[in-house]
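These notes concern the structure reproduced below.
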Amino acid sequence: SDKTGMRKTTKTAPEDEVDSWLNTEPLTLKGLRGKIVVLEFWATWCPPCKKSIPHLIKLYNNYKDKGVVLISITDESINKIKSFVKENKMTYPIGSGGSTSKKYKVSGIPHAVIINRDGIVIWKGHPLAGLDEALKKAVGE
């Protein structure tokens, strides 16, 4: 891996498995090929997750017109997260329930993954630790 922590890999990202969606039609990684996808794993009970929301809102607004899709995924049910999402002004796509975090072997949250235009995972880590730089590079800025 180089200085930005970009890992050289050719592993296709596992498809997301989500029970319900907020702020979007259902999204599939297959359907998003050709775009850069940031998957961010979080939960309402996780203070560091809450702390990274303003940063994610900023990233979302900066990149949504540059071919980048941000998807926040939680294992919690839609009823549990609805008011939290509204309160924290999370306007980006949110997936709730399902087994996506298991597929990505997420052990600690918040955790973010960048998937390139070919559907390959090119970066993973804490959203406040290197995500910006890695995303800039992926977009080619």
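Each label was represented as a point 7 Å from its Cα along the Cα-to-Cβ direction; for Lys80 and Ile120 these points are 3.6 nm apart.
Binning all Cα-Cα separations of the stretch 72-141 at 10 Å, short to long from zero, yields these whole-percent fractions: 17, 44, 33, 6.
Can you give me the % of accessible surface on the stretch 1-122 that is carbon or sulfur? Probe 1.4 Å, all protein chains present, nothing else counted.
On the way: 3440 of 6530 Å².
The nonpolar share, carbon plus sulfur, comes to 53 percent.
Heavy atoms of the protein chains alone define the surface here; on that basis the chain has 53 Å² accessible area per residue at 1.4 Å probe size.
With Cα atoms as the point set, the chain shows a radius of gyration and Dmax of 13.8, 42 Å. Backbone geometry of the stretch 58-66 corresponds, through the Karplus equation with coefficients 6.51, -1.76 and 1.60 at θ = phi - 60°, to 3J(HN,Hα) couplings of 5, 4, 4, 5, 5, 10, 5, 9, 10 Hz, x marking Gly and Pro. Excluding the site residues themselves, the longest part of the chain lacking any trypsin sites (Lys or Arg not before Pro) in a DSSP loop with at most 11 other Cβ atoms within 10 Å is 12-88. The length gained by stretching the chain between Val139 and Glu25 to full extension, at 0.36 nm per residue less their Cα-Cα distance, is 38.7 nm.
Rounding to the nearest 20 debye, state how big the charge dipole of the stretch 26-74 is about its Cα centre with +1 on each Lys and Arg Cβ and -1 on each Asp and Glu Cβ.
Values: 8 positive and 2 negative charges, 19 e Å.
Roughly 100 debye for the stretch 26-74.
Convex hull volume of the Cα atoms of the stretch 11-51, normalised per residue: 122 Å³.
The values are calculated or read from the model by the stated rules, or taken from the named source; none is laboratory data. Keep in mind that what you see is a predicted model, and the values were worked out from it rather than measured. Neighbour counts are summed over all protein chains in view; Cβ atoms, including those assigned to glycine, are modelled from backbone coordinates with ideal geometry. Note: areas computed on protein heavy atoms with side chains; ligands, DNA, RNA excluded. Shrake-Rupley method; radii C 1.70, N 1.55, O 1.52, S 1.80 Å.
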